[in-house]
Amino acid sequence: MKVHEFGVLETKLQLKTRNSGDRLAWFEYQGRVITRTKRSHGKGFDLPKDLIRQQLKLNADQLASLLDCSLSRDDYVNILRTKGLISA
Amino acid sequence: MNAIAELIAPAAKQQHDLQVRHIVIENIATELEFSMEKPHQLVPGTVLFGALPDRRLRLKKPIAVELSESEGSVVAQCQDLNEFGQGSTASHALDDFGKTICELFFSLELQKDHLGNDLQNLRGRLAEYLGEYSAAS
């Protein structure tokens, strides 16, 4: 995953972010922190896509859909709800 | 050749010794260059991590961290904590991992009343590995 793709995730999911040693990002819903991920500031290599995907509780297809903008934040909330991470 | 003549013009044998030394130095330089070209190459495997960079935290038990190559870098991953560090070398990846779990510990503590179920569980698992030094200790 490229850094700009991580930026797409931040924007699409409206992740809250904070720069520390890494760039930390977390998804909040109704005042609760549901998922979190991060990316390093290191240059010269891509980000570990599968690990970021797992932290966001997505499968490969869902992540691809998020990146190509066919999956919305509301869809993501539904995915998390289906997984029991957000109460119905 | 007498001693004075040797000082002015070293014997042919000494010239030869200098050349041999030069070749040896070149070989060492070649080996160094080889190891610098592939700094992050390693055999993937698991290590027990215990080097916390934050003195406010103590380690309760070592953390099993899997090292692997990914996306042109090294990734240090703990599956139990679903957390990772990344760097250009194994050492950098482990450093990043250490900073990440310390940061995660404090973030989860700070937001403990506002965490979803999954992150509450993660906070519990993380507390099995890390603890905060109490003011008394």
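Numerical summary
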read-out: Residues of region A:18-65 that turn out to be farther than 20 Å from B:Ser91 by Cβ, facing chain B (nearest Cβ under 8 Å), part of a loop (DSSP other than H, G, I, E, B) and free of Cβ contacts under 8 Å to residues at least 24 places away in the same chain, as a count; value: 1
read-out: Members of region B:85-137 found to be touching a residue at least 12 places away in the same chain (Cβ under 8 Å), assigned to a helix (DSSP H, G or I) and of a type in the set (D, E, K, R), listed by number; value: B:Asp95, B:Asp96, B:Lys99, B:Glu109, B:Arg123, B:Arg125, B:Glu128
read-out: B:Tyr133 vs. criteria modelled with pLDDT under 95 and either of a type in the set (Phe, Trp, Tyr) or under 14 Å from the mean Cα position of the chain (by Cα) (or both); value: yes
read-out: Complete set of residues in region A:1-17 that are of a type in the set (A, V, I, L, M, F, W, C) and assigned to a loop (DSSP other than H, G, I, E, B); value: A:Met1, A:Leu13, A:Leu15
read-out: Residue count, region B:72-106 (criterion: facing chain A (nearest Cβ under 7 Å) and crowded, with 16+ Cβ neighbours inside 10 Å); value: 12
read-out: Odd one out for B:Glu66 among (1) touching a residue at least 24 places away in the same chain (Cβ under 8 Å); (2) charged (D, E, K, R); (3) part of a strand (DSSP E or B); value: (1)
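The values are calculated or read from the model by the stated rules, or taken from the named source; none is laboratory data. All values reported here derive from a predicted model rather than from experimental measurement. In this analysis, Cβ positions are derived from the backbone assuming ideal geometry, glycine residues included, and neighbour counts consider all displayed protein chains.
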